[in-house]
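Student: Below is the structure I would like to discuss, written out as structure tokens.
What follows is calculated from the coordinates using simple rules that are stated; it is not laboratory data. No experiment lies behind these values; they were computed from the predicted model shown. Here Cβ is always computed from backbone atoms with ideal geometry, including for glycine, and neighbour counts include all displayed protein chains.
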Amino acid sequence: MKEIKTKPFKNKVTISGEIYSKDESINYIPFPLAGFDIRSYREQKDPTEEAVFDEIRIIRFNDEEVLDTYEIGDRVLIKGEAQSRNYKTTHPLDNDLIQNAVDLYTNFFQEGELPAEKQPTSRIKQPISWDKLFEYNLIDEIPADSIVREDGQRERTDTQSYIYRVDYNGEVFKETEHTAFEVIAHEIVKLDEVLDPLIGDQNQITYHGRVSRTPSFDVVEGNQFAKVTVQSFVEYFLPDEKRFVFFNFFVWGKNAEIILAELDEGDMVRFTGRIQSRVIERTIRLKKKNAAGKTKRKKITVNEITREVSIVKMAKILSKASS
């Protein structure tokens with residue numbers, strides 16, 4: 001892999017596309033936040049084939065006019081940077097056993113200690129410590145769908161996809177964790193020209209950062225495939241806030257071998273490529289008791305869109321990042 005000397009962190013995106021949905025209103029967090037989604041069309045080598053596009057979420061801060069300025073169907077050019085954002089979805093509890101165990105545990109302590117390694121606050125819920133409930137024989141086993149296992153270890157599988165959290169009032173929540181990959185728009189330009197399908201939309205990201213974990217490698221239908229997660233920074237919030245961004249990058253063929261052989265956790269890299277979207281199917285398993293006390297089980301399939309970068313060029317930066 002080529003080695004270069006350059007700044008260790010960089011995060012620049014240039015992308016164009018057609019707006020196909022937008023937020024209904026401005027959110028205040030407390031500053032104004034609004035967003036819309038674009039379809040960025042790939043180069044169409046054969047005009048007889050169906051067009052292929054990537055669906056990209058665009059975020060705009062401190063612009064209360066953005067939703068009035070741009071309409072669905074408008075073509076826009078965005079200059080900005082990538083952002084990753086974690087969020088949680090709450091699901092109903094299957095039964096009252098866990099809630100009852102937490103209530104009993106809290107009653108053991110005059111100051112109302114909750115069964116968590118770190119006590120919840122009015123704003124932050126904390127994962128339940130199963131070990132604390134086991135200590136007082138309040139549960140017989142850890143729920144089969146819990147990511148958190150013995151000794152607080154986390155193990156995510158197709159069947160273990162939930163985190164049980166407790167708030168400062170002692171109420172139990174069953175949550176799934178997700179990551180949204182978005183583009184923060186620093187500049188938005190409305191495009192008047194019609195897209196040439198043989199050229200496609202602009203879609204380029206230049207990203208410098210630290211490899212956050214050892215790259216993964218696989219062979220998919222006979223093709224070598226490697227994926228690597230790289231941590232950088234969101235410059236929009238600097239210098240007031242040093243906000244991390246984690247983005248996934250992938251590559252096929254001989255370059256997959258190079259990434260596996262030459263990159264390790266902590267290495268600094270420069271990747272350029274295009275942001276792509278991919279639909280992931282997730283199965284959520286629900287259990288609910290009816291009036292007769294019988295448990296009904298139901299599976300729900302949910303489609304989520306994730307974003308990752310297809311690497312076009314790659315290089316190793318001759319420096320190490322501090323962790």
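Student: For the stretch 93-106, just list the computed ³J(HN,Hα) in residue order, Karplus coefficients 6.51, -1.76 and 1.60, θ = phi - 60°, integers in Hz, with x standing in for Gly and Pro.
Tutor: 5, 6, 8, 9, 4, 5, 4, 5, 5, 5, 4, 5, 4, 4
Student: Sticking with this structure for a sec: Find the relative contact order for the stretch 89-178 and round it to a whole percent, using C-alpha pairs within less than 8 Å whose residues are 6+ positions apart. Each step should come with its number before you reach the end.
Tutor: Numbers: 143 pairs, mean separation 30.5, N = 90.
Computed over the stretch 89-178, the figure is 34 percent.
Student: Using θ = phi - 60° and the Karplus relation 6.51 cos²θ - 1.76 cosθ + 1.60, list the HN-Hα couplings for the stretch 218-223 in order, rounded to whole Hz, with x at every Gly or Pro.
Tutor: Listing the rounded values in order: 8, 10, 10, 6, x, 10 Hz.
Student: Where in the stretch 164-202 is the amide nitrogen less than 16 Å from a point lying 7 Å along the Cα-to-Cβ axis of V52?
Tutor: In the stretch 164-202, the label zone of V52 (backbone N under 16 Å from the point 7 Å along Cα→Cβ) covers 197-202.
Student: Continuing with this model, one more query. With a ≥ b ≥ c taken as the square roots of the eigenvalues of the C-alpha gyration tensor of the stretch 181-227, please select rounded if a/c is under 1.5 and otherwise prolate if a/b is larger than b/c or oblate if it is not?
Tutor: Verdict is oblate for the stretch 181-227.
Student: Jot down the radius of gyration and Dmax of the stretch 58-131, Cα atoms only, both in angstrom.
Tutor: When restricted to the Cα atoms of the stretch 58-131, Rg and Dmax are 21.9, 61 Å.
Student: Among T272, I56, S84, whose Cα sits farthest toward the positive end of the charge dipole of the chain (+1 at Cβ of Lys/Arg, -1 at Cβ of Asp/Glu, about the Cα centre)?
Tutor: Of the listed residues, the answer is T272.
Student: Given the stretch 1-62, what whole percent of its Cα pairs are spread farther than 19 Å?
Tutor: 57 percent
Student: How large is the dipole of the stretch 89-178 about the Cα centre if only Lys and Arg carry +1 and Asp and Glu carry -1, each at its Cβ, rounded to the nearest 20 debye?
Tutor: For the stretch 89-178, the charge dipole is close to 360 debye.
Student: Right, something else. Show the residues, 5+ positions off or on another chain, whose built amide H is closer than 5 Å to the amide H of E265.
Tutor: Long-range HN contacts for E265: T214.
Student: Counting only DSSP beta bridges with both residues in the chain, what percent are antiparallel, rounded to the nearest 5?
Tutor: That works out to approximately 90 percent antiparallel.
Student: I would also like to ask the following. D for the stretch 89-178, whole µm²/s, Stokes-Einstein with Kirkwood Rh over alpha-carbon pairs at 37 °C and 0.692 mPa s: what number?
Tutor: Estimated diffusion coefficient is 250 µm²/s.
Student: Is the C-alpha gyration tensor of the stretch 199-255 telling us rounded, prolate or oblate? Criteria: a/c under 1.5 is rounded; beyond that, a/b larger than b/c is prolate, otherwise oblate. It would help to have the intermediate numbers written out before the result.
Tutor: On the way: a/c = 4.08, a/b = 1.65, b/c = 2.48.
In terms of gyration-tensor shape, oblate.
Student: Select from I128, Q99, V228 the residue farthest towards the positive end of the dipole of the chain; place +1 on Cβ of Lys and Arg, -1 on Cβ of Asp and Glu, and compute about the Cα centre.
Tutor: The listed residue farthest towards the positive side: V228.
Student: Another one. Which ³J(HN,Hα) values, rounded to whole Hz and listed in residue order, are derived for the stretch 183-191 from phi using the Karplus coefficients 6.51, -1.76 and 1.60 in 6.51 cos²θ - 1.76 cosθ + 1.60 with θ = phi - 60°, glycine and proline given as x?
Tutor: Computed from phi, the couplings for the stretch 183-191 are 10, 7, 8, 7, 9, 10, 10, 6, 9 Hz.
Student: Using the Kirkwood radius over C-alpha pairs as Rh, can you work out the diffusion coefficient of the chain via Stokes-Einstein at 20 °C, viscosity 1.002 mPa s, in µm² per second?
Tutor: The diffusion coefficient I find is 94 µm²/s.
Student: Return the calculated 222 nm mean residue ellipticity for the chain, to the nearest 500 deg cm²/dmol, obtained by summing -39500 (n - 2.57) across DSSP H runs with n ≥ 4 and dividing by the residue count.
Tutor: -2500 deg cm²/dmol
Student: Let me ask something else. In debye to the nearest 20, how big a dipole does the chain give about its Cα centre with +1 on each Lys and Arg Cβ and -1 on each Asp and Glu Cβ? Intermediate values should be presented prior to the final figure.
Tutor: Numbers: 48 positive and 56 negative charges, 128 e Å.
About 620 debye.
Student: To continue, here is another question. How would you order 151-161, 196-206 from highest to lowest mean count of nearby Cβ atoms within 10 Å? It would help to have the intermediate numbers written out before the result.
Tutor: On the way: 151-161: 11.0, 196-206: 16.6.
Packing proxy ranking, top to bottom: 196-206, 151-161.
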